Every structure is written in structure tokens, then in C-alpha cells.
Amino acid sequence: MLDKTDIKSLNYKELQEFVAELGEKPFRAKQIYEWIHVKQVESFSEMTNLSKAFQQKLDEKCHLTVLTKEAVQISKIDGTRKYLFVLEDGNVIESVLMKYKHGNSVCISSQVGCRMGCRFCASTLDGLVRGLTPAEMIDQIYRIGKDIGERISNVVVMGTGEPMDNFDNLLRFIELLTDEHGLNISQRNLTVSTCGIVPKIRELADKKLAITLALSLHASSQAKRLELMPVANKYEIHEVLDACRYYFDQTGRRVTFEYSLVGGVNDTDEDARALTQLIGDMNCHVNLIPVNPIKERDYVQSNASVIAAFKNKLEKNGINVTIRREMGRDIDGACGQLRKRYIERT
């Protein structure tokens with residue numbers, strides 16, 4: 001497999017060049033791209049408008065990435081589905097389908113494991129194994145779409161892994177996802193989350209894409225961010241926020257700040273005041289997240305009245321805030337929990 005072309009990770013132009021190298025007519029590229037990205041076939045033999053000889057040639061020269069669905073948990077509360085997929089090298093990743101009135105949203109993983117070490121996250125407990133290929137990222141969406149037989153309209157790259165730590169593959173994934181020859185999902189319907197790798201935020205800003213950037217902020221000061229997120233050792237909080245301002249300047253896209261409320265740690269009146277001072281001047285949106293407790297850490301969720309009060313204080317200061325609706329709480333909705341159990345079991 002090592003010397004085979006990862007055909008699902010090729011963009012449209014590269015596929016055209018590849019088909020030409022094989023001595024085939026140019027229109028074949030459009031056919032193949034459609035089979036892979038629109039019809040989402042699982043083998044070359046399903047590409048019925050190609051000759052048997054050409055199908056065989058593709059089989060010899062290419063590799064078609066297809067994830068294997070190992071498990072799916074369905075929430076009895078809201079229909080959220082949590083998927084566990086096995087990759088071809090035996091690693092496992094998670095993806096989540098959330099059903100909203102406005103359409104189906106899929107949250108995908110960008111890495112196997114994660115090296116960022118955020119204290120409240122189960123994804124990072126076993127460290128980073130590797131980044132996902134563009135094909136492995138996009139196939140999470142394809143498998144889920146096929147499983148439910150419905151179109152996926154929104155994508156968030158917010159599952160296991162730090163997308164900016166797999167930057168080139170992330171960019172290629174975005175290109176494949178939004179290509180008019182493929183699924184053609186609008187860039188505006190895509191959100192990419194980061195814990196704050198400053199140079200990559202700036203590099204992404206320079207691409208001037210129409211995607212939403214979500215920053216995992218989770219703290220109102222550098223000192224508190226250091227407690228929760230090791231990445232703060234490398235990138236100071238004001239440096240990260242300056243990169244977010246730059247992102248808005250370059251793209252015109254309002255940045256979302258993810259803020260996980262941890263009881264007694266970052267949910268006080270003082271935190272609300274400090275947070276207002278930090279981001280009050282920015283065109284942004286704050287997403288308050290009641291933290292999902294994990295057994296490896298002793299963090300607890302802020303109680304409902306504290307969460308409401310925190311939201312209130314930010315709103316009074318003119319900051320746009322929502323409390324993230326908890327989806328799939330009865331099925332280990334938090335990142336990394338299903339994968340961790342699978343690894344422990346096997």
C-alpha cells in the first residue's frame with residue numbers, strides 16, 4: 001500500500017494529471033472524482049462507467065481509503081450519534097453526528113490522539129499517534145452520510161486532535177470538502193477549532209477562506225490558561241488573541257471562543273470581568289461549554305445557576321454568548337471517551 005497513490009486525497013487538478021499519466025482521456029478524471037466524492041463508492045469495481053481494464057489499473061496503482069464502522073452509539077435524548085471508526089492501520093478515531101433543525105452537522109477528528117495535553121480532555125491522555133490523511137478526514141463525513149442516508153450540511157473539525165498540528169492535510173481536506181465537483185459544502189458551513197497555535201492561525205488567515213475559526217480559550221487570564229492548557233507555555237494569551245484579531249481582519253469572519261466552564265476554576269465573577277476586558281473589543285462570539293467530567297481528572301461541571309450568571313455578565317458587557325446545548329450526554333459525548341474505552345478493551 002505504501003507505494004500506491006492515495007487517490008481520495010488528490011485534489012481535482014492532481015487527479016486530472018494522474019489520469020493523464022495513466023494514458024487515459026481527461027474526462028475520466030471527472031468520472032472518478034464523482035465516484036469517489038459524490039457517489040462515495042468503496043471500491044474501483046463499483047465505477048461502472050470505467051472499463052474493467054481501467055478499474056484493474058486503478059486497483060493496482062491506487063489505494064482507496066474507506067473507514068470501517070466499528071461501533072455507533074445513538075442518544076435516546078436527542079438522536080446524536082457517536083461513531084467509532086477503525087483505520088486501515090488498526091488505529092481508531094471518533095466522529096459525531098448532531099441533528100439540528102437547520103441540518104446535519106458532523107464533528108470529525110483530525111488526528112489519532114493528540115499531543116496538546118489540555119487538562120479536561122480525554123483525547124489527549126494517550127498522546128499523539130499520527131495525523132489523519134485528507135482522505136481519512138473526509139471519509140468520516142462520507143461514511144456517516146451513507147449511514148443515515150441524508151446530506152451532511154455542516155462540518156466542524158473539533159473531534160480528537162489539533163487541526164493546526166496537521167495543517168497541510170487540513171488545508172487539503174477543506175479543498176476536497178468544498179470543491180464544486182465533490183460534496184460542494186460551503187466554506188461558511190465549516191468550523192475549524194484550535195487550542196491556539198499562533199503561526200498557523202496567521203497562516204490560515206492569509207489563505208482568506210470563509211471558514212469559521214473557533215479558539216479553545218477556556219480561561220480569562222494567562223495564569224489560568226497555563227493551569228488548563230500546556231500550549232499556553234508556548235503562546236501567551238494576548239499573542240493568541242492578536243492572531244484571532246488578525247484572522248478577522250484578513251477574512252471578515254467573526255471568531256468563536258470556546259470556553260469550557262470548570263466548577264470553581266474559571267467560572268467566577270472575576271473570570272467574567274477579566275474575560276470581558278480580554279475580548280470586549282473584538283467581533284466575536286463566546287460559546288460556553290459545560291465541561292464533560294472525565295474520570296482521569298477531578299474537574300467538575302459548573303452548576304446551572306453559575307453558568308447562567310456567567311452568560312449574563314458577558315451579555316451585559318455587549319458580548320455575544322451562547323451556552324452550548326449538550327448533545328449526546330448519555331453516550332459519552334465528550335471527545336475521546338469512546339475511543340479510550342475501545343483501546344482499553346482491546
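For S75, the test of being over 15 Å from G145 (Cα atoms), small (G, A, S) and over 23 Å from the mean Cα position of the chain (by Cα) is failed. Inclusion of V41 among residues that are of a type outside the set (F, W, Y), under 18 Å from K146 (Cβ atoms) and in contact with a helix residue (DSSP H, G or I) (Cβ under 9 Å, 6 or more places away or on another chain) is warranted. Taking segment 250-275, which residues are in contact with a helix residue (DSSP H, G or I) (Cβ under 8 Å, 6 or more places away or on another chain), in a helix (DSSP H, G or I) and surrounded by fewer than 18 Cβ atoms within 10 Å (Cβ to Cβ)? Across segment 250-275, the qualifying residues are Q250, D269, R273. Checking each residue in segment 133-175 for being surrounded by 23 or more Cβ atoms within 10 Å (Cβ to Cβ) and in contact with a Pro (Cβ under 7 Å, 6 or more places away or on another chain) picks out V157, L170, F173.
Looking only at segment 92-141, residues that are under 14 Å from M229 (Cα atoms) and not in a loop (DSSP other than H, G, I, E, B) come to 3 in all.
Does E175 satisfy being in a helix (DSSP H, G or I), out of contact with any helix residue (DSSP H, G or I) (no Cβ under 9 Å at 6 or more places or on another chain) and assigned by TED's automatic domain parsing to the domain that holds F310? Answer is no for this residue. Residues satisfying the criterion are present in segment 296-312 (criterion: in contact with a Leu (Cβ under 7 Å, 6 or more places away or on another chain), modelled with pLDDT of 95 or more and more than 29 Å from N91 (Cα to Cα)). Looking at R188, is it surrounded by fewer than 19 Cβ atoms within 10 Å (Cβ to Cβ), in a strand (DSSP E or B) and either touching a residue at least 24 places away in the same chain (Cβ under 8 Å) or in contact with a Phe, Trp or Tyr (Cβ under 6 Å, 6 or more places away or on another chain) (or both)? Taking the combined requirement at face value, the residue does not satisfy it.
For segment 287-319, the set of residues classified as farther than 17 Å from F120 by Cβ and surrounded by 14 or more Cβ atoms within 10 Å (Cβ to Cβ) consists of A309, K311, K313, L314, N317, I319, listed by residue number. Residues of segment 147-172 that are farther than 17 Å from M98 by Cα and part of a helix (DSSP H, G or I): P163, M164, D165, N166, F167, D168, N169, L170, L171, R172. For V306, the test of being farther than 30 Å from N104 by Cα and either β-branched (V, I, T) or touching a Gly at 6+ places or on another chain (Cβ under 8 Å) (or both) is passed.
The values are calculated or read from the model by the stated rules, or taken from the named source; none is laboratory data. Computed from a predicted model, the values in this text were never measured in an experiment. Cβ sites come from the backbone with ideal geometry, for glycine too, and all protein chains shown count toward neighbours.
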